[in-house]
Amino acid sequence: MQSNSHPSPFASTYRRDKRRLAKQTDLEILKESVKTVGRDYCAESSISGLKHLVNDNTSFLERVIWIITMISALICSVSLVYLTFRKYYRAPLVTTQMPAGVSVSKIIFPAVGICSNNRISKRAITELARKLVKEERNKMYDEEGMLSLLVGLGMLYNIDPMDDEVVKPMQLHRALGVYDVNELMRNLTPRCEDLLLRCAWNDEPKNCSKLFDFRLTMNGYCCTFNYLRRSDGMFKDTTEISRSIDMYKYGNKSSFDFDQGLKILMRLNGSDDFYYNRPLQGAQLQFSDAYDFPDAPSGSFSMQIISPNVQMTVLVTASFTEASRDIQHVPVKLRQCLFYDESQYLSFYTHSDCMLKCRMSFLLANCNCTPFNMPKMLNTRTCDMRDVPCLRIYNAQSITVRPNVYQIPFELEMNIVDGGINCPMCYPTCSKTAYNYDFTNVRIYPDYLNSVPDNDRVDWLRGANFTGTSIVHVKYGREVADCYGQNVIMKWFDLISNIGSTCGFVTGFSFVSAMEFVYFFTVKLWREIKKRRREKNMAALGSSRHDTIKRYPSLYWNELVGPSRWKYDSKMFRQ
């Protein structure tokens with residue numbers, strides 16, 4: 001006899017699980033794997049509090065409290081880390097003052113220039129006029145008429161509008177014929193030997209011609225002391241190596257003492273006057289860095305007018321700033337400065353040179369030349385009288401330079417009204433020496449000084465005639481220069497340490513916690529996904545085999561009871 005047997009509930013559940021595993025998609029496998037790994041991570045993580053979220057013995061209320069606590073700690077930790085990063089990137093540098101300072105005897109003395117306010121010598125311009133009237137093209141002029149025409153050369157110093165009926169640039173250009181502007185203006189400038197009578201350096205009398213050079217400045221050719229540029233030509237190309245950091249080891253130096261520094265006796269004689277670029281009698285005393293071109297709009301420049309019959313004392317105070325190379329990894333826009341060797345605009349970078357080159361490039365682009373009172377650029381033309389009208393147009397804009405600034409709103413942009421040149425590549429120099437100057441004037445009485453016997457005079461003034469003269473004494477006003485150091489407010493390991501301390505204190509998060517998170521959600525997650533895919537494949541294979549069996553075969557009753565039962569029943573039957 002056969003009977004139909006029904007499958008057990010356990011067998012049915014097993015088959016349903018098999019079918020469910022076999023039908024899982026990759027997305028479902030990923031979700032289940034992430035859920036399992038996330039639960040394991042919370043249970044085993046070193047971060048305090050996570051294990052309470054997955055503990056089966058934790059009540060619902062406790063779990064809510066732990067969730068609120070963990071979220072609050074996370075928000076606090078992220079906020080503190082954000083503030084740390086913000087402080088680091090918005091103000092990454094710190095400037096500290098060295099208490100001891102540095103002795104002024106170790107700092108290069110500033111460059112000193114003396115320029116007579118009379119920019120054209122009457123004697124020299126008269127000789128030029130006599131020479132020009134002999135030319136065939138200038139037969140219509142006499143000497144007086146030629147001198148009146150030559151007054152127009154002053155426009156090369158002062159580009160302000162002049163009366164076109166008095167000064168005619170093109171007419172003067174034709175009268176001059178073929179000429180070199182630099183050579184012409186150099187020959188017309190009053191000479192240093194006519195201006196400087198006596199000189200002394202560090203209390204030792206010196207020959208003025210050995211102390212001073214006749215060099216180009218923004219005021220034309222002037223008598224310059226301690227101006228250490230090799231030549232008046234510059235900006236040849238970005239690979240030009242005529243300047244190096246080693247040159248700052250040289251130059252004249254002085255110390256702090258009453259008789260130290262530079263002393264000059266100059267003659268301000270009005271008999272040779274022809275053209276004044278300033279409506280003041282006397283001379284201009286100008287100061288600049290020893291290696292920077294003396295140029296007011298470019299910075300590193302100071303100027304004072306010396307009147308006749310005065311003694312001017314100039315007290316120089318210096319401050320030295322040295323930036324650490326550690327700040328070089330900070331972006332330039334954050335540190336707002338450049339080292340001498342990291343600019344693509346200049347082979348040797350200084351802020352003054354950058355501003356000067358930007359101005360020259362502006363005039364070169366608009367007038368196709370550069371003024372004679374600027375350094376020479378390679379393969380460029382020096383502006384002559386033909387270019388005066390163009391220089392007039394762009395003069396106001398060319399002397400107003402805007403270095404690197406933040407983006408200016410369109411309605412405030414000064415270029416709309418020709419208010420300046422934008423030079424975004426020009427940042428301050430990271431390491432530099434800055435000078436401040438205090439000027440004191442005391443009136444002198446030449447007649448009285450001339451009556452003083454030579455034995456009662458200081459060495460460098462013996463035998464001097466003080467009529468129509470002035471005295472200048474430039475010296476240090478302090479024995480020590482202020483010294484500042486610029487460095488990063490924190491190094492990279494300090495930043496990491498601060499972030500680690502913050503996260504560890506608030507949430508218990510550490511480097512090990514980060515490694516745990518990476519390990520669980522990479523290695524362990526991949527293992528879990530592989531495991532579930534393997535189970536899916538096995539479930540799919542088992543389902544295909546059992547789907548062909550529609551029902552279980554019938555069982556005989558004696559297959560269940562066995563032979564012992566059969567023997568018992570047979571005995572009973574025989575009885």
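The numbers here are math on the coordinates, done by the rules we state, and not lab data. A quick note: this is a predicted structure, and the numbers were derived from the prediction, not measured. Don't worry about glycine lacking a Cβ; one is built from the backbone with ideal geometry, like all the others, and counts go over all protein chains shown.
Summary table below
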| item | result |
| --- | --- |
| Net charge contributed by nearby residues that have their C-beta within less than 15 Å of residue 301 (K/R +1, D/E -1) | 0 |
| Stretch gain in nm, segment residue 100-residue 479, where the contour uses 0.36 nm per residue and the Cα spacing is subtracted | 135.3 nm |
| Cα-projected label distance for residue 378 with residue 390, points at 7 Å along beta-carbon direction, nm | 2.2 |
| DSSP-defined antiparallel bridges as percent of all bridges, the range 99-488, nearest 5 | 75 |
| Residue 456-residue 538 pseudo-label distance in nm [points 7 Å out on the Cα-to-Cβ vector] | 12.1 |
| Net +/- balance of residues flanking residue 518 in space, Cβ distance below 15 Å, scoring K and R +1, D and E -1 | -1 |
| Among 71-79, 105-113, the order from most to least packed when residues are scored by Cβ within 10 Å on average | 105-113, 71-79 |
| Relative intensity, log₁₀ I(q)/I(0), of the range 99-488 from a Debye sum that treats every alpha carbon as a point, q = 0.11, 0.12, 0.13 Å⁻¹ | -0.89, -1.04, -1.18 |
| Chain lengthening between residue 142 and residue 213 when straightened (0.36 nm per residue, less Cα-Cα) | 22.0 nm |
| Net lengthening on full extension, residue 445/residue 304 (0.36 nm per residue, minus Cα-Cα) | 48.6 nm |
| Cut-off 9 Å between beta-carbons: net charge of the residues surrounding residue 349, Lys and Arg +1, Asp and Glu -1 | -3 |
| In the range 250-328, the chymotrypsin sites (Phe, Trp or Tyr not before Pro) that fall in loop regions by DSSP, at most 12 other Cβ within 10 Å | 250, 258 |
| Highest to lowest packing among 515-521, 428-434, 452-458, scored as the average C-beta count within 10 Å | 428-434, 515-521, 452-458 |
| Relative contact order (percent, whole number), the range 99-488, Cα cutoff 8 Å, 6+ residue spacing | 27 |
| Peptides ranked, highest mean first, by Cβ atoms within 10 Å: ranges 321-333, 210-222 | 210-222, 321-333 |
